[in-house]
Structure formats: structure tokens, C-alpha cells
Amino acid sequence: AQKVTQAQTEISVVEKEDVTLDCVYETRDTTYYLFWYKQPPSGELVFLIRRNSFDEQNEISGRYSWNFQKSTSSFNFTITASQVVDSAVYFCALIPFSGGYNKLIFGAGTRLAVHP
Amino acid sequence: EAQVTQNPRYLITVTGKKLTVTCSQNMNHEYMSWYRQDPGLGLRQIYYSMNVEVTDKGDVPEGYKVSRKEKRNFPLILESPSPNQTSLYFCASSWTGIQEKLFFGSGTQLSVL
């Protein structure tokens, strides 16, 4: 089975708190891509990051960081010092190699609410 | 400004009345696709197109049609809408394929009564 699980349906934090959004994926493929997309209240999805299965290096971009661990099939996303503008629904997604990279599998999403 | 434009933004219709949701991109992207977003299910791919005149089914194609006669346009057609097609629809595009960064439209909220 190929799937993405975002177990946290909703998270609520107060501004300046750190928050981690979990993503666990399942695939038998050894070659795949992982993504995070953000869906702010305005509705459109915005690309955040792409990681291929051969690159386990963690990445930091400003207040955002991603922890990719193949051993636990996880690709977690951490926001440091959260801000109200971070309030959105965040989707983790998987593209397995099988099928020629034509299948994009989304998780159900995690709704993050950051309160002032 | 580089963008994917969907129209309409909101649409209410009745069962069986054919409708078309338009999608246009101005980035000269080869790849375009349609998704539907339902609560608790994330986004699911309906159809995609690798290039002009090349389209293929995604995970949930039943009840939908698409066409790609020009590179920039990729309309989604519901020939006989049913209430289970009430959903939020997104069009997306990228340079060559789904493994690249996708640019999404603003979405179309469809209600079929």
C-alpha cells in the first residue's frame, strides 16, 4: 500500500511556540519524492519543499525545518517561533517511482491555528 | 505575473446540468492536472496531462472529462454532475511533471444540489 498519514488533524498553539507537524508515509518503492504544501485561508496551495528518497539531509529555511528519516518513514515539519501567518492547512505528499512518477498521494492534512 | 487561473471560484448547480470549470496557466508548463479536495481525504488526482493532446486518468476520474487542445488550457468537464461531486477543485501545473513543484489555482468550490 502507498499512503501518507498525517495523524494530527488539528493543532492549536500560541504565537512564538514551536510546533511539529508529523508525516508518516508508506511505499515499497526505494525511489520516491516527498513534499509539503501549505494551504492558507485564501485557499490556494503553496509549495514548501521537495525531498527525494536519496537525500536524507535535513533542511532549514528560516523558521521552517524538515526532518526526513527513512528508518521511520517520516518527513516531519517544524515551525520555530510560530506566527499568526503560519495558520493554514499543511499537506504532506508522496510521489512513488512506480507508475512513472504520475501518482501524487496526499495526506489528509493538518490544520494549524496560531493564536496571538 | 505567473499564475494558474481557475474559473469560476464558486459554482452551485443542479444534478445533471453539464458544467465546465476552466483552468489556464501562463507559464508555458507542459504538465497540468486536476484535484478534488474533500474533508479528511486530502487531495485526490482526477486527471492529468503531460502535454497537448495527452491526458490520462488519476485516482478518481469517474464522472469527469478533460481536454488539452492548447498548452495553456485544461478544462474540467462534468457532463452530468451528481451530489457526490460536491467538492473543492484545484487545477495545478508544472514544467514537466508531477515530481516538480506544482503551481495551484485558487480553487473552485462546487455544490451540486
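Numbers for the structure displayed
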quantity	calculated
A:Phe91 touching a strand residue (DSSP E or B) at 6+ places or on another chain (Cβ under 8 Å), within 11 Å of another protein chain (Cβ to nearest Cβ) and modelled with pLDDT of 95 or more	yes
Those residues of the stretch B:92-111 which are assigned to a loop (DSSP other than H, G, I, E, B) and within 7 Å of chain A (Cβ to nearest Cβ), in sequence order	B:Gly97, B:Ile98, B:Gln99, B:Lys101, B:Leu102, B:Gly105, B:Ser106, B:Gly107
Filter pass, A:Ile60 being assigned to a strand (DSSP E or B), closer than 26 Å to B:Gln3 by Cβ and out of contact with any Gly (no Cβ under 6 Å at 6 or more places or on another chain)	no
Complete set of residues in the stretch A:94-116 that are among the polar types (S, T, N, Q) and more than 10 Å from every other protein chain (Cβ to nearest Cβ)	A:Ser98, A:Thr110
Selection within the stretch B:1-45 - basic (Lys, Arg), in contact with a Leu (Cβ under 8 Å, 6 or more places away or on another chain) and closer than 22 Å to A:Ile95 by Cα	B:Arg36
Unmet criterion (only one of (1) loosely packed, with under 13 Cβ neighbours inside 10 Å; (2) within 14 Å of chain B (Cβ to nearest Cβ)) for A:Pro40	(1)
Options A:Glu44, A:Glu15, A:Glu10: the member that is modelled with pLDDT of 95 or more, closer than 30 Å to B:Thr5 by Cα and among the acidic types (Asp, Glu)	A:Glu10
Total residues in the stretch A:3-52, condition polar (S, T, N, Q) and more than 13 Å from A:Cys92 (Cα to Cα)	6
Identity of the residue in the stretch B:24-50, hydrophobic (A, V, I, L, M, F, W, C) and either more than 18 Å from A:Tyr37 (Cα to Cα) or touching a Pro at 6+ places or on another chain (Cβ under 8 Å) (or both), that ends up farthest from the other protein chains (Cβ to nearest Cβ)	B:Met27
Residue ID - nearest to A:Ser98 (Cα to Cα), chosen from residues in the stretch A:6-30 that are within 10 Å of the chain's Cα centre (by Cα) and either assigned to a strand (DSSP E or B) or aromatic (Phe, Trp, Tyr) (or both)	A:Val24
Matching entry among A:Phe68, A:Phe47, A:Phe75, A:Phe54 (being out of contact with any helix residue (DSSP H, G or I) (no Cβ under 7 Å at 6 or more places or on another chain), in contact (Cβ under 8 Å) with a residue 12 or more places away in the chain and within 12 Å of chain B (Cβ to nearest Cβ))	A:Phe47
Positions within the stretch B:12-31 being at pLDDT 95 or above, in a strand (DSSP E or B) and within 25 Å of B:Ser93 (Cβ to Cβ), in sequence order	B:Leu19, B:Thr20, B:Val21, B:Thr22, B:Cys23, B:Ser24, B:Gln25
Residue satisfying all of: in the stretch A:74-100; in a strand (DSSP E or B) and of a type in the set (Val, Ile, Thr); farthest from A:Arg63 (Cα to Cα) among these	A:Ile95
Subset of the stretch A:38-47 (residues that are assigned to a strand (DSSP E or B) and closer than 15 Å to A:Val85 by Cα)	A:Lys38, A:Gln39, A:Val46
Candidate set: the stretch A:25-37, residues that are among the aromatic types (Phe, Trp, Tyr) and more than 25 Å from A:Val114 (Cβ to Cβ); chosen: the one farthest from the other protein chains (Cβ to nearest Cβ)	A:Tyr25
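The values are calculated or read from the model by the stated rules, or taken from the named source; none is laboratory data. What you see is a predicted model; the values in this text were computed from it and never measured. Neighbour counts are summed over all protein chains in view; Cβ atoms, including those assigned to glycine, are modelled from backbone coordinates with ideal geometry.
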